[in-house]
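> Input: one structure, supplied below.
No lab work stands behind these numbers, since they all come straight from the coordinates. Just so it is clear, the structure is predicted and the values come from calculations on it, not from any experiment. Cβ placement follows ideal geometry from the backbone for every residue including glycine, while neighbour counts extend to all protein chains displayed.
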Amino acid sequence: MQMSAFRALHIGAQYDLIPITPDELKSGVAQLVAKRYSGWNVTVPHKASIIPFLDEIETAAKVSGSVNTIVVREGRLCGYSTDGYGLQMSIKESFNIDINEGRFLFWGSGGAAAAASAHFVNSGAKEIILVNRTVEKAQELKQKLQEISANANIAVYQPHQLSELAVVMKKVDVAIQSTSVGLNSADPISIPLEILCPSLNLVDMIYSETTLLGRARKSGLNVIDGKGMLLHQGVKSFEIWTGKKAPVEMMREALTSNGR
Ligand code: ATR
């Protein structure tokens, strides 16, 4: 996806895949700098642990404690999270809903939900609802989000509060499945189907078709997987690195033909 964008804009850059274990992160970052990489993405499990090695970090990434894009500017390492933007664009493309017009429910309160919900609060979402098995983690995320905007409207629920959640689901514009449940085909369905109403828009951040998505689609919901988010987080990373508008359709084509 990134290579096709570089080629399309005649930028002589190389996007490499470099495995780095958690133990090697500090020396790995030093090596990337020594090799004069202009920027890079990091993914799980480095999105939080890379932060101490950065010189600057944008607000939403700082609050959520999650970075996926680094650019080197005059020798300084600057960190961003483009995951929230990726989700924003995916929702806009598929459901034609703008963040500042919507109420969003995040099922899960881990790193993925934190990065995206921080961007959503920063962009003026009307309401954010956090649902998490470990309620303390959702409360902690709520507090962090409230640091971005003290006036933000944020509610916390636990997955077993089914009757309350069935009511909540009726007023949200988009529900976002952000837990890791569903990554394996044998996983149970994370969100109980009985609380999903047919008018709901549902995103599963997982890139492939999950059992949840299949069942929800059959029940008439509008559903999308995480591929649109993957595309648009990459688009934003490209624009941060190059300062140029990304060739979105070319990147989409590359992503699709890659079988992701
Ligand atoms: P990521 O960066 O992918 O978000 P993470 O930070 O480890 O990964 O967060 C994983 C999320 O999936 C959390 O919301 C986690 O819930 P807890 O905070 O209660 O652990 C959720 N999750 C993982 N396995 C789960 C399961 N079996 N049932 C319910 N939630 C689960």
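> What is the chain by shape, rounded, prolate or oblate, if you read a ≥ b ≥ c off the alpha carbon gyration tensor as root eigenvalues and call it rounded for a/c under 1.5, prolate for a/b larger than b/c, and oblate otherwise?
prolate
> Report the FRET efficiency, 1/(1 + (r/R0)^6), for Phe95 and Ser27, where r is their Cβ-Cβ distance and R0 is 41 Å, rounded to 0.05.
Calculated transfer efficiency: 0.40.
> Quantify how much of the Cα-Cα distance distribution of the range 176-245 extends past 20 Å, in percent.
Percentage above 20 Å: 36.
> Continuing with this model, one more query. Would you mind checking which residues have amide H under 5 Å from Gly65's amide H? H placed 1.01 Å from N; only 5 or more apart, or other chain.
none
> Once amide H atoms are placed 1.01 Å from N in the peptide plane, what residues at a sequence separation of 5 or more from Leu77, or on another chain, have their amide H within under 5 Å of its amide H?
Residues meeting the amide H criterion: Asp55, Glu56.
> OK, next. Within the set Lys26/Lys126; Lys92/Lys144; Lys126/Lys245; Lys47/Lys126, which residue pairs have Cα atoms separated by over 32 Å?
From the list (Lys26/Lys126; Lys92/Lys144; Lys126/Lys245; Lys47/Lys126), the Cα-Cα distance tops 32 Å for Lys26/Lys126.
> A further question on this structure: Read phi for every residue in the range 32-40 and hand back ³J(HN,Hα) as whole Hz from Karplus 6.51 cos²θ - 1.76 cosθ + 1.60, θ = phi - 60°, with x for Gly and Pro.
Going residue by residue, I get 4, 5, 4, 7, 6, 5, 7, x, 6 Hz, with x marking Gly and Pro.
> Could you run the Karplus curve 6.51 cos²θ - 1.76 cosθ + 1.60 with θ = phi - 60° over the range 100-112 and give me ³J(HN,Hα) per residue in whole Hz, x for Gly and Pro?
Result, ordered by residue: 6, 9, x, 10, 10, 10, 9, 8, x, 9, x, x, 5 Hz.
> Cα gyration tensor of the range 1-140, axes a ≥ b ≥ c as square roots of the eigenvalues: rounded (a/c below 1.5), prolate (a/b > b/c) or oblate?
Oblate.
> With θ set to phi - 60° and the Karplus curve 6.51 cos²θ - 1.76 cosθ + 1.60, what are the ³J(HN,Hα) couplings of the range 218-227 in order, to the nearest whole Hz, using x for Gly and Pro?
4, 7, x, 6, 7, 10, 9, 8, x, 5
> Next question. For a quick check: with amide H placed at 1.01 Å from N, whose amide H comes under 5 Å from Ile97's, ignoring anything fewer than 5 positions away on the same chain?
Lys92
> How far apart, in nm, are the 7 Å Cα→Cβ label points at Leu17 and Lys171?
4.5 nm
> If I take every Cα pair under 8 Å that is 6 or more residues apart in the chain, average their sequence separation and divide by the length, what percent do I get for the relative contact order?
After rounding, I find 18 percent.
> Do you know the relative contact order of the range 192-251, to the nearest whole percent, from alpha carbon pairs under 8 angstrom that are 6+ apart?
This gives 29 percent for the range 192-251.
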